[in-house]
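Structure record follows, encoded as structure tokens.
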Amino acid sequence: MRPNFIALPKLEDGHPVNKLRESFNRRNEVILYHHDPVGIVFIGDSITDYWDIESYLTLSNNKRIINRGIGNDRSQWVRDRFEADSLQLKPDWIVLSIGINNTKELDEDQSEANQQQIKDRILADIEVMIEMAQARNINIAVATLTSTNRPNLEGFIVRAQLVQSINQEIARLCTQYGALYINYYEQMTETKDGIDYLRDELTDDGLHPHVLGYDIMAEVIETAFAGRYPVIRKTEN
């Protein structure tokens, strides 16, 4: 007999989260049908989506690591699918990494008012998701937004400064709620002339980590979870 589970519909035509909706619905049903023990769900945008996490990390308790990242996702859209793609899988932990795509709105409007609106939106959504997880007695970790390295784009400096400010507030939220703070930013960023950049050697496109960037992210995860959960980082042969 098929399990009762949350299967979300696709949104309007062309919406960026549609591309994995049917796949995630089917995968979620299978996990619930087989009562698979889930250790950690990673949920977020393309930085999560493109990460083949199980090539970098494993759990010594033999539970599963599930990737529920979607390219171009934003905080409000993750919030809408948070129940379906993470909570209903009943993981021990959720790692939430979202927000950088919200800052695309700076391409059209770099005013202080819009910066504040973007920041408030991200933080409000993250706070709600922390509360949702904790209400279900599921541990949650929240990752920093990563820095970028696209200095030729208009608004690069404004975005860099906004990301830094958002990360400070994510740290505050984690302290307030007792959530685990995952600081990718510190390990992946270098400062040039007072502006923070994603390190050149960790990215090809100035936004997404490549294999070396993901290796640092895996190391950050392993360190953050040390003594809390049996996460083991796989090292290259």
*Extreme residue, surrounded by the most Cβ atoms within 10 Å (Cβ to Cβ), among residues of the stretch 1-24 that are closer than 16 Å to Q76 by Cα and in contact with a Leu (Cβ under 7 Å, 6 or more places away or on another chain)*: V17
_Residues located in the stretch 31-52, provided they are touching a residue at least 60 places away in the same chain (Cβ under 8 Å), crowded, with 19+ Cβ neighbours inside 10 Å and assigned to a helix (DSSP H, G or I)_ = I47
*Is it true that I65 is closer than 23 Å to D80 by Cα and among the aliphatic types (A, V, I, L, M)?*
yes
_Tally of residues being among the basic types (K, R) and not in a loop (DSSP other than H, G, I, E, B) across the stretch 53-65_ = 1
*Give the number of residues within the stretch 161-182 that are under 12 Å from T103 (Cβ atoms) and not in a helix (DSSP H, G or I).*
0
*Looking at R172, R150, which one is more than 15 Å from the chain's Cα centre (by Cα) and surrounded by 15 or more Cβ atoms within 10 Å (Cβ to Cβ)?*
R150
_Going residue by residue through the stretch 185-206, is there one that turns out to be in contact (Cβ under 8 Å) with a residue 60 or more places away in the chain and outside any strand (DSSP E or B)?_
no
_Flag for R27 being surrounded by fewer than 19 Cβ atoms within 10 Å (Cβ to Cβ), of a type outside the set (F, W, Y) and farther than 20 Å from H208 by Cα_ = yes
*Would you say R68 is of a type in the set (D, E, K, R), more than 26 Å from G227 (Cβ to Cβ), free of Cβ contacts under 8 Å to residues at least 60 places away in the same chain and outside any loop (DSSP other than H, G, I, E, B)?*
no
*Applying the selection to the stretch 17-30, what residues are more than 16 Å from F82 (Cα to Cα) and in contact (Cβ under 8 Å) with a residue 12 or more places away in the chain?*
K19
*Note down all Cβ pairs under 8 Å where the first residue falls in the stretch 225-237 and is farther than 18 Å from P91 by Cα, the second is small (G, A, S) and assigned to a helix (DSSP H, G or I), and they're at least six residues apart or on different chains.*
R233/A218; K234/S55; K234/A218
*Among the residues of the stretch 131-160, which ones are among the charged types (D, E, K, R) and either in a strand (DSSP E or B) or farther than 23 Å from A171 by Cβ (or both)?*
R136, R150, E154
*For the stretch 73-98, which residues satisfy the criterion of being more than 15 Å from P16 (Cα to Cα) and either at pLDDT below 95 or assigned to a loop (DSSP other than H, G, I, E, B) (or both)?*
S86, K90, P91, D92
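The values are calculated or read from the model by the stated rules, or taken from the named source; none is laboratory data. A quick note: this is a predicted structure, and the numbers were derived from the prediction, not measured. Note that we place each Cβ from the backbone using ideal geometry, even for glycine, and neighbour counts take in every protein chain shown.
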